[in-house]
Amino acid sequence: MSIDVDAATQEKRYTVAVRALCEFTAKQGDLDLRFTPSPTAQEGIQGHAIVAARRGEDYRSEVVLAGDHGPLHVRGRADGYDPGRRLLEEVKTYRGQLSSIPDNHRHLHWAQLRVYGHLLCEQLGLETVNLALVYFDIGSQQETAFNETRTRAELAALFADQCGRFLAWAEQELAHRAVRDAALDAMRFPHADFRPGQRQLAEAVFRANTGKRSLLAQAPTGIGKTVGTLFPALKAAPKQELDKLFFLAAKTPGRQLALHAAGTLKLHADLPLRILELAARDKACEHPDKACRGDACPLARGFYDRLPAARAACLDAPLLDRATLREVGLAHEVCPYYLGSEMTRWSDVVIGDYNYWFDGGAMLYNLAQANGWRVSVLADEAHNLVSRARGMYSAELERGSLRAARAVAPPVVQKALEKLGRAWTGAGKDAPLPYQVLDKPPAKFVDALGNAVSAISEHLAESAVPLDPALRDFYFAAMAFARLAESFGPHSLFDLAREDVRDTVLCIRNVVPAPFLGPRFEFAHSTTLFSATLGPWNYFADLLGMPQTTAWIDVESPFRASQLDVHVAHGISTKFQRRAGSLAPIAALMGRQYRERPGNYLAFFSSFDYLQQALERFEREHPDIPTWRQSRRMSEDERAGFLARFAVGGRGIGFAVLGGSFGEGIDLPGERLIGAFVATLGLPQVNPVNEQLRLRMDDMFGAGYDYTYLYPGMQKVVQAAGRVIRTEQDRGTVWLIDERFARPEVRALLPAWWQMDGATQGVSVPAP
Ligand code: SF4
């Protein structure tokens with residue numbers, strides 16, 4: 001569903017896909033998301049191709065059809081048309097038993113086919129048409145067709161009925177868009193003035209949106225990045241005819257900031273803006289012990305019947321955050337999580353996690369494609385995107401999980417799992433080392449894996465009882481692995497790790513997410529990735545697959561060099577082999593700094609072990625200085641307790657791990673934090689996996705060490721040290737504890753506004 005201008009009449013029209021129109025008007029009954037082994041996208045495409053190949057020479061596949069009803073423009077592609085038989089077909093692939101396709105799905109399929117039937121009659125001037133709903137079984141490759149013949153008049157009446165029911169909503173949407181765009185056009189910046197740097201950022205985002213380009217923006221903390229990106233993107237929306245703005249964040253606090261900023265813009269300019277927060281399913285679910293289907297969960301029962309009223313209530317809410325969705329959902333007895341998903345269609349600003357746009361089955365990306373939305377995307381804290389995206393396109397299979405699955409598998413699945421076991425052993429034969437990278441997943445193994453997945457799918461489709469958890473877990477892992485094996489390429493490593501002779505772990509490890517993310521950047525009208533540490537830009541552009549036309553900006557910091565004393569501890573090495581010797585001088589340095597200027601400090605170390613050793617040494621030397629520490633797997637309360645120690649007027653040093661939960665995304669302005677010690681370059685561990693990554697980075701970009709070790713490490717250092725100065729009033733100290741910080745190539749990666757002149761940089765520390 002998108003709004004555009006009719007070229008002939010110059011009037012605004014509402015374009016809707018046939019599927020979306022029918023989902024709106026013809027979906028009824030329960031939400032039914034029981035796990036059924038539905039065909040994969042690939043299988044679906046193959047199924048359609050098989051059916052088309054069985055038809056005659058004149059058969060036309062993928063017939064493009066369109067028609068109008070008032071301001072509604074309806075378009076879509078029917079699966080196939082046989083002119084000789086005047087037969088229009090809609091093909092649906094399935095697996096298992098035909099009777100398991102719920103009635104409300106069939107109802108929807110018929111509605112779609114009849115709309116296509118009407119559009120075809122109008123296009124070809126037919127007075128009658130034969131319609132066939134063809135269900136194709138992926139397993140047996142059998143077709144089952146349901147037929148009917150309809151007159152042009154009947155189909156026109158059905159089409160008018162569907163459109164009529166949608167039209168009231170569409171007209172409301174058109175009116176909303178007109179008012180929204182007028183208000184955005186007139187919108188002024190919500191504060192008296194831009195903060196230093198904020199205008200530069202806002203202008204760059206505006207230019208990127210008006211120029212339909214992507215943007216990488218490195219912008220320091222404290223300039224108001226969230227408003228500084230939301231405001232210009234919204235301001236550009238009317239002229240660029242943007243349907244929606246997606247604001248993506250790596251973590252919940254980033255989402256909260258965006259919600260607050262969007263809410264402020266809305267309030268300040270009295271914008272009729274619909275703002276939606278997408279929360280994770282496990283956070284929004286009201287019945288975590290139940291399945292998402294009508295016979296299990298009361299909020300799934302009759303979901304589509306009650307949806308229209310809930311949807312209307314949502315539009316009256318000033319802000320659709322998680323709490324409001326819950327309130328509306330419960331009042332209308334519909335699931336708040338799926339209500340939120342539904343409302344993405346009707347919202348202007350959607351705020352959610354990266355995965356809604358970037359991962360393999362990303363909901364927002366899929367909806368935008370299906371509906372032809374013109375979208376602008378903003379991604380905050382984007383330095384996280386490389387590692388997050390790598391995770392989205394990686395998969396692992398443990399031999400132990402296959403054994404566990406075999407132990408509970410029914411006889412019909414056993415044979416396929418046994419074969420898979422043999423192929424797995426064969427794959428491992430060529431990899432005798434504890435860790436080895438192979439060229440690609442062996443064909444025999446991939447075939448056996450595909451067969452095992454099919455066997456479990458067939459069993460699941462036929463069986464009335466759910467899968468045993470061990471078999472189910474293996475099935476999900478195997479499906480994910482098989483999907484990635486299909487698209488295996490130089491962007492990924494295929495490796496085998498051997499814990500002992502029996503236990504091997506196979507991994508498809510994505511190292512360059514660019515081929516997966518690139519199409520998303522190409523599809524969006526504009527994408528802005530921003531963060532305080534987004535350099536060097538080529539690292540992100542290469543790994544993420546940003547388009548050639550991507551702009552890059554390094555926003556000037558609002559902070560003065562005089563606010564931050566940056567020291568390099570020349571005499572200390574934090575290299576693994578020299579750690580023991582580093583403990584005494586680090587304790588001495590920290591103690592001296594603390595006594596010179598008592599207050600709250602954070603001290604970062606590269607691992608929990610190093611942290612523990614440094615803490616013990618420090619406490620021995622300075623028992624009077626309060627300390628507290630980050631521990632492994634802290635709960636939310638424990639994390640809050642750690643941060644609460646950084647009170648105004650407080651004293652002491654919090655010990656934390658670099659790259660952990662206190663190394664970024666926390667805000668301790670003023671006296672709450674007056675200094676940081678960073679006792680490491682943050683370089684990832686040298687291990688076989690990282691060494692393979694280095695080789696691949698060298699092959700692909702000629703920058704193995706930098707892309708694997710130096711850049712990711714220094715991003716963590718700058719993030720951690722960036723906790724100290726949060727406002728233009730803050731003053732503080734950063735100690736970079738390692739002699740390598742003095743190297744020119746390392747210093748080049750530190751923020752330009754940090755001043756490390758002779759007076760501060762040259763502080764040396766007594767050798768151990
Ligand atoms: S409340 Fe939970 S179980 Fe029920 S439909 Fe929603 S997500 Fe599924």
Simple SL model, points at 7 angstrom along Cα→Cβ for Ser562 and Asp82; separation in nm is 8.6 nm
In the chain, taking the dipole from +1 charges on Lys and Arg beta carbons and -1 charges on Asp and Glu beta carbons about the Cα centre, the listed residue (Ser401, Pro623, Gly489) farthest towards the positive end is Pro623
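Would segment 122-280 count as rounded, prolate or oblate if I go by the C-alpha gyration tensor, calling it rounded below 1.5 in a/c and otherwise prolate when a/b exceeds b/c, oblate otherwise? Write down the numbers at each step before the final one.
Values: a/c = 3.12, a/b = 2.15, b/c = 1.45.
Judged from the Cα gyration tensor, segment 122-280 comes out prolate (a/c at least 1.5, a/b above b/c).
Order these peptides, 18-29, 626-637, 408-419, by their mean beta-carbon neighbour count within 10 angstrom, highest first.
Descending mean neighbour count gives 18-29, 408-419, 626-637.
If you stretched the chain out fully between Ala312 and Ala748, how much longer would it get, using 0.36 nm times the residue separation minus the C-alpha to C-alpha distance? Provide the component values of the computation, followed by the final result.
Numbers: separation 436, 0.36 × 436 = 156.96 nm, distance 5.43 nm.
Net length gain for the segment: 151.5 nm.
Please report the relative contact order for the chain, taking Cα pairs under 8 Å with a sequence separation of at least 6, and give it as a percent rounded to a whole number. Walk me through the numbers before you get to the answer.
Values: 1382 pairs, mean separation 96.6, N = 768.
Result for the chain is 13 percent.
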Amide H contacts under 5 Å for Ile351, restricted to residues at least 5 apart in sequence or on another chain and with H modeled in the peptide plane, are Phe247, Leu276, Glu277, Leu278
Note to self, the chain gives a 222 nm [θ] from helices alone (DSSP H runs n ≥ 4, -39500 (n - 2.57) apiece, / all residues, nearest 500) of -14000 deg cm²/dmol
Counting only backbone N atoms under 17 Å from a point 7 Å out along Cα-to-Cβ of Arg595, the residues of segment 619-640 in range are 619-627
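Estimate the FRET efficiency between Gln612 and Ser387 by the formula 1/(1 + (r/R0)^6), using the beta-carbon distance for r and 22 Å for R0, to the nearest 0.05. List each step's numbers first, then the result.
Values: r = 25 Å, r/R0 = 1.14.
Step by step, r from the Cβ atoms, then E = 0.30.
Based on the Cβ-Cβ distance of Gln172 and Lys440, what FRET efficiency does E = 1/(1 + (r/R0)^6) give at R0 = 60 Å, to the nearest 0.05?
Working: r = 53 Å, r/R0 = 0.88.
FRET efficiency, Gln172 to Lys440: 0.70.
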Label model pair Lys12, Gln28: point-to-point distance (7 angstrom along the Cα→beta-carbon line) in nm is 3.2 nm
Contour minus Cα-Cα span, Thr252 to Val505, at 0.36 nm per residue, comes to 87.9 nm
Probe 1.4 Å, heavy atoms of protein chains only: per residue, the accessible area of segment 418-474 in Å² is 54 Å²
Note to self: with every protein chain in place and a 1.4 Å probe, segment 552-686 gives an accessible area per residue in Å² of 44 Å²
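Could you give the length gained on full extension between Arg165 and Asp430, defined as 0.36 nm per residue of separation minus the Cα-Cα distance, in nm?
Working: separation 265, 0.36 × 265 = 95.40 nm, distance 6.30 nm.
Taking 0.36 nm per residue and subtracting the Cα distance, the gain is 89.1 nm.
Note down the net charge around Leu681, summing +1 for each Lys or Arg and -1 for each Asp or Glu among other residues with Cβ under 14 Å from its Cβ. Intermediate values should be presented prior to the final figure.
Values: positive: Lys575, Arg578, Arg579, Lys716, Arg740, Arg743, Arg747; negative: Asp706, Asp738, Glu739, Glu745.
Around Leu681, the charge tally is +3.
Please give me the summed charge of the neighbours of Leu402: other residues whose Cβ is under 13 Å from its Cβ, Lys and Arg +1, Asp and Glu -1.
Values: positive: Arg399, Arg403, Arg406, Lys419, Arg422, Arg502; negative: Glu396, Glu398, Glu418, Asp473, Asp503.
Spelling it out: positives minus negatives among the neighbours equals +1.
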Expressed in Å to one decimal, the Kirkwood Rh of segment 473-564 from all distinct alpha-carbon pairs is 16.7 Å
In debye to the nearest 20, the charge dipole size for segment 484-586, taken about the Cα centre with +1 at each Lys and Arg Cβ and -1 at each Asp and Glu Cβ, equals 380 debye
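Report, in listed order, any pair from Lys251/Lys283; Lys212/Lys251; Lys419/Lys444; Lys92/Lys444; Lys92/Lys419 with a Cα-Cα distance greater than 20 Å. All intermediate terms of the calculation are to be shown ahead of the outcome.
Numbers: Lys251/Lys283 13 Å; Lys212/Lys251 27 Å; Lys419/Lys444 10 Å; Lys92/Lys444 30 Å; Lys92/Lys419 31 Å.
Pairs exceeding 20 Å: Lys212/Lys251; Lys92/Lys444; Lys92/Lys419.
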Of the residues Tyr337, Ala310, Gly428, the Cα lying farthest along the dipole of the chain towards its positive end, which is defined by charges on the beta carbon of Lys, Arg, Asp and Glu, belongs to Gly428
So, with points 7 Å from each Cα along the Cβ direction, the Arg199-Glu728 label distance in nm works out to 1.2 nm
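Give the accessible surface of segment 60-217 per residue, rounded to a whole number of Å², with probe radius 1.4 Å and ligands, DNA and RNA excluded. Let's see the in-between values first.
Numbers: 7070 Å² over 158 residues.
With all protein chains present, segment 60-217 gives 45 Å² per residue.
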antiparallel share of DSSP beta bridges within the chain, to nearest 5, in %, is 40 percent
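Would you mind putting 241-249, 205-213 in packing order, based on average other-beta-carbon counts within 10 Å, highest first?
241-249, 205-213
Packing-wise, with mean Cβ within 10 Å as the measure, how do 556-563, 709-716 rank, highest first? It would help to have the intermediate numbers written out before the result.
Values: 556-563: 16.5, 709-716: 21.9.
Top of the packing list down: 709-716, 556-563.
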PRE zone check, label point 7 Å out along Cα-to-Cβ of Ala407, amide N under 18 Å, scope segment 457-475, hits 467-475
Lys and Arg at +1, Asp and Glu at -1: neighbours of Gly352 with Cβ under 10 Å from its Cβ sum to -1
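If you put +1 on each Lys and Arg Cβ and -1 on each Asp and Glu Cβ, how big is the dipole of the chain around its Cα centre, in Debye rounded to 20?
With Lys and Arg at +1 and Asp and Glu at -1, about 1260 debye.
The values are calculated or read from the model by the stated rules, or taken from the named source; none is laboratory data. Since this is a predicted model, take the numbers as computed values, not measurements. Note: ideal-geometry Cβ built from the backbone for every residue, glycine included; neighbour counts use all protein chains shown. Areas reflect the complete protein model, heavy atoms only, side chains present, ligands, DNA and RNA absent. Shrake-Rupley method; radii C 1.70, N 1.55, O 1.52, S 1.80 Å.
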